[in-house]
Amino acid sequence: MERASYDDQALSDTIGKCVNCSRSYDCFDPHCVCTVCREPCLVCQNCQDDILEYHCVNHLHLKTCYFTDLRYFDKKKLNEQRSELLSHFEGISIGRRFRQKRKTLLKQIARIDEHIRGLGEDINDVENAPCRPKCRNCSTWDCSGDCWGFHGLKRKEVRDQRATVQLKYEVWENAVATVVLSKTVHPKKKARQILQINSELRLPSSAFRDPDTGIRAPPNFTRILNCFVKAKWCGHSIVDMVTNEFPGLSKPGALEKILEHGLLRLNDRAVSLLECVELQLKPSDIVSRVIHWHEAPVIVPEKIIVTKIQLHALVAAEYGLNADSDAAVYVCNKPSSVPVHPAGPFLSNSLTIMVEAQVGLQCGSLKPVHRTDRVTSGLTLCCKSSAVARIFHRCLSEGTVDKLYVARVHGKFPSTNSEMHCFPAPVSSSCVSWRQKNGVVEVDAAVHTLDPANGVRIVDSAGKPSKSLFKLVDFNQAENVSVIACQPITGRNHQLRVHLQMLGYPIVNDTQYGGLQSEASQMNDRAIELLMRAGEVERNEGASPSLLHESEISLTVNARDTYAARAACRCCEGRVGIMESFTPSQLLHSGHSIDLHALKYTVNFPQRKKCAKQIVPLPSLSFEVDGPSWATEKAISAVVWLEG
């Protein structure tokens, strides 16, 4: 097809503009298709001779780093493109909104890495390269545009017609390939299902740990997940259940693998695509899924510090704890990046599982008594007795637990009344005050959950009342960071992180709330290497260890299931599959660890029953752990309680 005529003197009647030079131009050329999304681009003839590949308006920011044909570039240029793509990735590394954009960038980075590895030493000869790029859709150099390389009206009509005829099948084909059915496990079965872990995986933090980096990556294994049918699902098909409960998790082509190998089952029996659409669920049904489980990596020390403290005899007597009850509390110094209990992609890489193996407790016996963010380090309380857990839950709900944290923030935190009025961020004077007596900054600002799915919170009047106290402990002028003492009066999620962001002093490494990384982290590449190595070791050693739940005795994980689950596993396909299956934070890229450390807790036990004759109050119990590595001993010794 010949190019459209281009008359400089007839530009006054044109409507469009060249995407590259903004010159008036409105003639579409079939080969001018965006190399990223295949959308048609308006590119004038003058620019067509100079541009290597075309980029639409939405992808102009990638015009210097995203190319389909990489044969034009040497290693230096390819590395520059990779660095620029990583910088774009940093800006969208958090949240589900940019999930597809992250996948696009990661695939291009993987293509660049593969091309660099395939190049020899002498790679600067590009004389034999074609004069212009080939079509991304049909891979020909003289494409006329008839291959649907860009979206046209005819293609839209065909897609709409197919969607009308086979609506349910299209929806199911795009269903999630990695449905984690354990999210809907019946509450009475949840604890038993999570904690029936193979002895090969229930080991202390020193097992599966890389001694150089401290990254812990357990081996992969085959797992069966059960989903007990809820009342609202009765009468609906499996397609309806999955599409309503797990929106946005679809991956085209993955479902065919799952159904082909019989990995999706209803009442112990593999189901076909037709049965998934037509069969109606009943109250007694169990939907199960055989998956190849890959554990998200964490960073742990060789040994987690754990101290066992007994409750006072008066407290045990007041709450009716008998001699058989284990009236003790396990005080754990939790590393950052480690979740407190199994959740999401974390199972054996959770604090309770590793501590149980380290201390020698029965699997599933340790119960956390409060919440601690995965990215936060420090004091975490656990116990064995349900009665003891209920005592601490009551103390937390009645506000009789005092908590003291230490944090490292960007900038010089105010230490005088005059400095307090010079916050980097605009702050309402009604929610911030200064305590002249002990030099404490008091923040009283409601915290509102903006994005429940991603756990993002902001300061907003629509939220729950929240109050925090802060005080400067140490300032490092060379690094422009401050170590501060933090005492939350209320117990809202992310309260300290949100309040410090509002003041303009975000916590170091807290990328979710405006904090910058203290240094470039190399943990991401190492974590991916360890995950890939775990898969290679598994394939060399044969069948992976299996995980069976008490309610899954009939759903035996045999050699066939193990092979089939591995064949349908996206993570087993390599680096790109791993990046798509986990978030950047889960792969230790950024935001997996923040400089916030729980240092001290004081629990004041209320009386079990209000009695006027009771004069002597119950003795309180204090807990403390060592300070973090990023704070000096002098700074930790200066951290004291701020209220009073």
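The values are calculated or read from the model by the stated rules, or taken from the named source; none is laboratory data. This structure is a prediction, so every number in the text was calculated from the model and none was measured. In this analysis, Cβ positions are derived from the backbone assuming ideal geometry, glycine residues included, and neighbour counts consider all displayed protein chains.
The set of residues from the stretch 72-109 being out of contact with any Cys (no Cβ under 9 Å at 6 or more places or on another chain), part of a helix (DSSP H, G or I) and of a type in the set (V, I, T) comprises just one member, I109. For residues that are exposed (fewer than 13 other Cβ atoms within 10 Å of the Cβ) and over 26 Å from W641 (Cβ atoms), scanning just the stretch 431-453, find the one that is modelled with the highest pLDDT. Checking each candidate, the answer is D451.
The set of residues in the stretch 339-368 being touching a residue at least 40 places away in the same chain (Cβ under 8 Å) and among the β-branched types (V, I, T) consists of V340, I353, V355, V359. Among the residues of the stretch 336-359, those identified as under 19 Å from T307 (Cα atoms) and aliphatic (A, V, I, L, M) are V338, V340, L351, I353, M354, V355, A357, V359.
Residues in the stretch 35-49 that are at pLDDT 85 or above and outside any loop (DSSP other than H, G, I, E, B): P40, C47.
Going through the stretch 262-276 one residue at a time, which ones are touching a residue at least 60 places away in the same chain (Cβ under 8 Å) and surrounded by fewer than 16 Cβ atoms within 10 Å (Cβ to Cβ)? Reasoning before the result, please.
So the first thing to find is which residues in the stretch 262-276 are touching a residue at least 60 places away in the same chain (Cβ under 8 Å), and the list is 262-263, 265, 268, 273, 276.
The answer is G262, D268.
I need a count of the residues in the stretch 409-424 that are surrounded by 14 or more Cβ atoms within 10 Å (Cβ to Cβ) and free of Cβ contacts under 8 Å to residues at least 24 places away in the same chain.
First, pick out the residues of the stretch 409-424 that are surrounded by 14 or more Cβ atoms within 10 Å (Cβ to Cβ): 409-415, 419-420, 423.
Still in the list and also free of Cβ contacts under 8 Å to residues at least 24 places away in the same chain: 419-420.
Final tally of qualifying residues: 2.
Scan the stretch 50-71 and give yes if some residue there is of a type in the set (S, T, N, Q), assigned to a helix (DSSP H, G or I) and surrounded by 16 or more Cβ atoms within 10 Å (Cβ to Cβ), otherwise no.
In the first step, residues of the stretch 50-71 are kept if they are of a type in the set (S, T, N, Q); the result is 58, 64, 68.
If we keep only those that are assigned to a helix (DSSP H, G or I) as well, we get 58.
Filter once more, keeping what is surrounded by 16 or more Cβ atoms within 10 Å (Cβ to Cβ): none.
Scanning the stretch 50-71 turns up no residue that is of a type in the set (S, T, N, Q), assigned to a helix (DSSP H, G or I) and surrounded by 16 or more Cβ atoms within 10 Å (Cβ to Cβ).
Taking the criterion of being at pLDDT below 60, among the small types (G, A, S) and either surrounded by 19 or more Cβ atoms within 10 Å (Cβ to Cβ) or within 28 Å of the chain's Cα centre (by Cα) (or both), the residues of the stretch 529-576 that qualify are S544, S546.
Only one of R390, R371, R394 is surrounded by fewer than 22 Cβ atoms within 10 Å (Cβ to Cβ), touching a residue at least 60 places away in the same chain (Cβ under 8 Å) and farther than 30 Å from V481 by Cα; which? If you could, list the steps in order and put the result at the bottom.
Values: R390 fails: touching a residue at least 60 places away in the same chain (Cβ under 8 Å); R371 fails: farther than 30 Å from V481 by Cα.
Step by step, each of R390, R371, R394 is checked, and only R394 is surrounded by fewer than 22 Cβ atoms within 10 Å (Cβ to Cβ), touching a residue at least 60 places away in the same chain (Cβ under 8 Å) and farther than 30 Å from V481 by Cα.
If the condition is being outside any strand (DSSP E or B) and either among the charged types (D, E, K, R) or within 30 Å of the chain's Cα centre (by Cα) (or both), then the stretch 428-440 contributes only K437.
Scanning the stretch 464-483 for residues that are out of contact with any strand residue (DSSP E or B) (no Cβ under 8 Å at 6 or more places or on another chain) and of a type in the set (A, V, I, L, M, F, W, C) yields a single hit, A478. Looking for something surrounded by 17 or more Cβ atoms within 10 Å (Cβ to Cβ) and in contact with a Gly (Cβ under 7 Å, 6 or more places away or on another chain) - is there at least one such residue anywhere in the stretch 84-99? The answer is yes; a qualifying residue exists.
For the residues R82, R97, R23, the requirement of being touching a helix residue (DSSP H, G or I) at 6+ places or on another chain (Cβ under 6 Å), without any contact (Cβ under 8 Å) to a residue 40 or more places away in the chain and not aliphatic (A, V, I, L, M) singles out R82. Among the residues of the stretch 467-516, the ones that are closer than 10 Å to V409 by Cα, surrounded by fewer than 18 Cβ atoms within 10 Å (Cβ to Cβ) and within 19 Å of the chain's Cα centre (by Cα) come to 1 in all. When T602 is tested against the conditions (1) surrounded by 15 or more Cβ atoms within 10 Å (Cβ to Cβ); (2) at pLDDT below 95, the lone failure is (2). Among the residues of the stretch 432-460, the ones that are without any contact (Cβ under 8 Å) to a residue 40 or more places away in the chain, touching a strand residue (DSSP E or B) at 6+ places or on another chain (Cβ under 9 Å) and more than 14 Å from R492 (Cα to Cα) come to 5 in all. Within the stretch 175-201, the set of residues being out of contact with any Leu (no Cβ under 9 Å at 6 or more places or on another chain) and modelled with pLDDT of 50 or more comprises S199, E200.
Could you grab me the full set of residues in the stretch 285-334 that are crowded, with 17+ Cβ neighbours inside 10 Å, closer than 22 Å to R371 by Cβ and either touching a Gly at 6+ places or on another chain (Cβ under 8 Å) or of a type in the set (S, T, N, Q) (or both)? Hits for the stretch 285-334 are A296, I299, V300, N333, K334. Within the stretch 370-393, the set of residues being over 23 Å from P301 (Cα atoms) and among the hydrophobic types (A, V, I, L, M, F, W, C) comprises A387, V388, A389, I391, F392. Within the stretch 278-307, residues that are more than 30 Å from L381 (Cβ to Cβ) sit with their Cβ atoms under 7 Å from residues that are assigned to a strand (DSSP E or B) and among the aromatic types (F, W, Y), at 6+ positions apart or across chains, in these pairs: I286/F228.
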